[in-house]
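In what follows, a single structure is set out as structure tokens and then discussed.
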Amino acid sequence: MRRQFAIVLPAMMVCGIGAVWQASLHSADKPKPTSNQLLMRDKLTQVSRALEGITLDKYDQVEDAAKTLRAISTATGWHIVEQTPQYKRLAKNFQEQAADLERHAQEQNAEAATLDLVRMNITCTHCHQHMREQDK
Ligand code: HEC
């Protein structure tokens, strides 16, 4: 029993030190996300809240997620330095799709709300692709 401890304990300590070292390495090379990136990450959370709401018949949650998504989209508009016409169009589409989702959640229309969410997902991708093309 003693012998086992003698092996296990140092092994655990080495792992522990390794984990702390790794964590410090990661925090060092990860820049702090910008406010825009934080808003965008919240979009992911809100989309999954909307999907969960539709799945579980919790339409209040869907409505709330749709409102938040629209608010985030209006807010992020201010953070983009250069808004191309295409960007503006995609942002406007996204806000309209969020408004549709909100309305369909109020009507408890699962079919229409699901389609709204799919449309929104497509707009997410289109806007990100557009941004990447701008970077090139
Ligand atoms: C109208 C344009 C537009 C739409 C629509 C859009 N995004 Fe974005 N998204 C951006 C821009 C611009 C960035 C880059 C932000 C930055 O780096 O400052 C971004 C970045 C992101 C990121 C990465 C953030 C990071 O940590 O680097 C995530 C995640 C994201 N968006 C999620 C979404 C989701 C989910 C949707 C749809 C529900 C969505 N976005 C819709 C413009 C958009």
Whether any residue in the stretch 28-35 is within 9 Å of the ligand (Cβ to nearest atom), basic (Lys, Arg) and surrounded by fewer than 15 Cβ atoms within 10 Å (Cβ to Cβ) is what I want to check. no
Any chance you could count how many residues in the stretch 108-124 are part of a loop (DSSP other than H, G, I, E, B) and either touching a residue at least 40 places away in the same chain (Cβ under 8 Å) or aliphatic (A, V, I, L, M) (or both)? 1
Within the stretch 98-113, track down each residue that is under 12 Å from residue 57 (Cα atoms) and touching a helix residue (DSSP H, G or I) at 6+ places or on another chain (Cβ under 7 Å). 105, 106, 108, 110, 113
Quick one: which of 84, 55, 68 is within 12 Å of the ligand (Cβ to nearest atom) and modelled with pLDDT of 95 or more? 68
Kindly provide the set of residues from the stretch 125-136 that are within 8 Å of the ligand (Cβ to nearest atom), surrounded by fewer than 16 Cβ atoms within 10 Å (Cβ to Cβ) and in contact (Cβ under 8 Å) with a residue 40 or more places away in the chain, ordered by number. 130, 131
Picking from 105, 98, which residue would you name as being out of contact with any Ser or Thr (no Cβ under 9 Å at 6 or more places or on another chain), part of a helix (DSSP H, G or I) and at pLDDT 95 or above? 105
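The values are calculated or read from the model by the stated rules, or taken from the named source; none is laboratory data. Given the structure is predicted, the values throughout are model-derived calculations rather than measurements. Don't worry about glycine lacking a Cβ; one is built from the backbone with ideal geometry, like all the others, and counts go over all protein chains shown.
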